[in-house]
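Here the structure is laid out as structure tokens; the discussion comes afterwards.
The values are calculated or read from the model by the stated rules, or taken from the named source; none is laboratory data. Source: prediction; values computed, not measured. Glycine gets a Cβ as well: all are built from the backbone with ideal geometry, and neighbour counts include every protein chain shown. To get the accessible areas, we keep the full protein, side chains included, count just its heavy atoms, and leave off ligands, DNA and RNA. Shrake-Rupley method; radii C 1.70, N 1.55, O 1.52, S 1.80 Å.
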Amino acid sequence: NTSNGITVGTATSGVPISIGHTTSETTVNDNLSVTGQTKASDSTVGAPSYSFTNDPDTGIYWAGTNAMGFVTGGTSRMELRATGVLAIDQNSNNDAIYIDHDGVTSSETILIETPTTTTGNVFMINDADSLTTGRLLHLASNSDDNSTRNLVHIVNDHASADNTVGLYIKQDGADASIELAGN
């Protein structure tokens, strides 16, 4: 015990320091500040290298080369891959993405800024083959404000794009392509 602090291995740069045995538990009873890199040597894919609140089944893990993942309850939920892909795996009856946006009223909740997609889809929902009475898309507004607005706004903003269709609907079933209801 000392009030002047304790230094270990500070006389020479790059001195390796080992604390404990390979099965030891090391406890830091106060704040831990790291000025260099922190590395975890657990290389088991899917096993938390960093876990929280005495829960070894929840934390951050190595997800393979240049990728990291997040695990909760012992199940991999999300991975951030080197390609920039954020992969979310939701296999239970919960929302996969939940956004609570209480921010500035004039900013977007979701913004896809100037995509460079040419022949693909900027936004795609593919093969929702399990739907029964559910919907592919549900947009609802319950605002009592009487300001002029469009709830869905589709803009083809270039006069030279003569062959662009503003809204295309393909209906293979016998029911109507468009059905209007309300006042």
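If the condition is being part of a strand (DSSP E or B) and either closer than 26 Å to Ile125 by Cα or in contact with a Pro (Cβ under 9 Å, 6 or more places away or on another chain) (or both), then the range 48-71 contributes Pro48, Asp55, Pro56, Asp57, Thr58, Gly59, Ile60, Tyr61, Met68, Gly69, Phe70, Val71. No other residue among Asn146, Asn126, Asn142, Asn94 is at pLDDT below 90 and assigned to a loop (DSSP other than H, G, I, E, B) apart from Asn94.
The rows are residues; the columns are (1) assigned to a loop (DSSP other than H, G, I, E, B); (2) modelled with pLDDT of 80 or more; (3) open to solvent by less than 90 Å² (accessible area, probe 1.4 Å).
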| residue | (1), (2), (3) |
| --- | --- |
| Thr35 | yes, yes, no |
| Ser41 | yes, no, no |
| Thr44 | yes, no, yes |
| Gln90 | yes, yes, yes |
| Ser106 | yes, yes, no |
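Take the range 63-120 and flag every residue that is over 30 Å from Lys39 (Cβ atoms), small (Gly, Ala, Ser) and over 17 Å from the mean Cα position of the chain (by Cα). Selection gives Gly103, Ser106, Ser107, Gly120. Filtered by the rule that a residue be open to solvent by less than 100 Å² (accessible area, probe 1.4 Å) and of a type in the set (D, E, K, R), the range 140-183 gives a lone residue, Asp145.
Within the range 141-170, residues that are among the charged types (D, E, K, R) sit with their Cβ atoms under 9 Å from residues that are surrounded by fewer than 10 Cβ atoms within 10 Å (Cβ to Cβ) and part of a loop (DSSP other than H, G, I, E, B), at 6+ positions apart or across chains, in these pairs: Arg149/Ser141; Arg149/Ser143; Lys170/Ser177. Considering (1) open to solvent by less than 100 Å² (accessible area, probe 1.4 Å); (2) farther than 30 Å from Asp57 by Cα, the lone condition that Glu79 does not fulfil carries the number (2). Only one entry in Thr117, Thr72 is open to solvent by less than 100 Å² (accessible area, probe 1.4 Å) and either at pLDDT below 85 or in contact with a His (Cβ under 6 Å, 6 or more places away or on another chain) (or both), namely Thr72. Thr132 passes every criterion in (1) surrounded by fewer than 10 Cβ atoms within 10 Å (Cβ to Cβ); (2) not in a loop (DSSP other than H, G, I, E, B) apart from (2).
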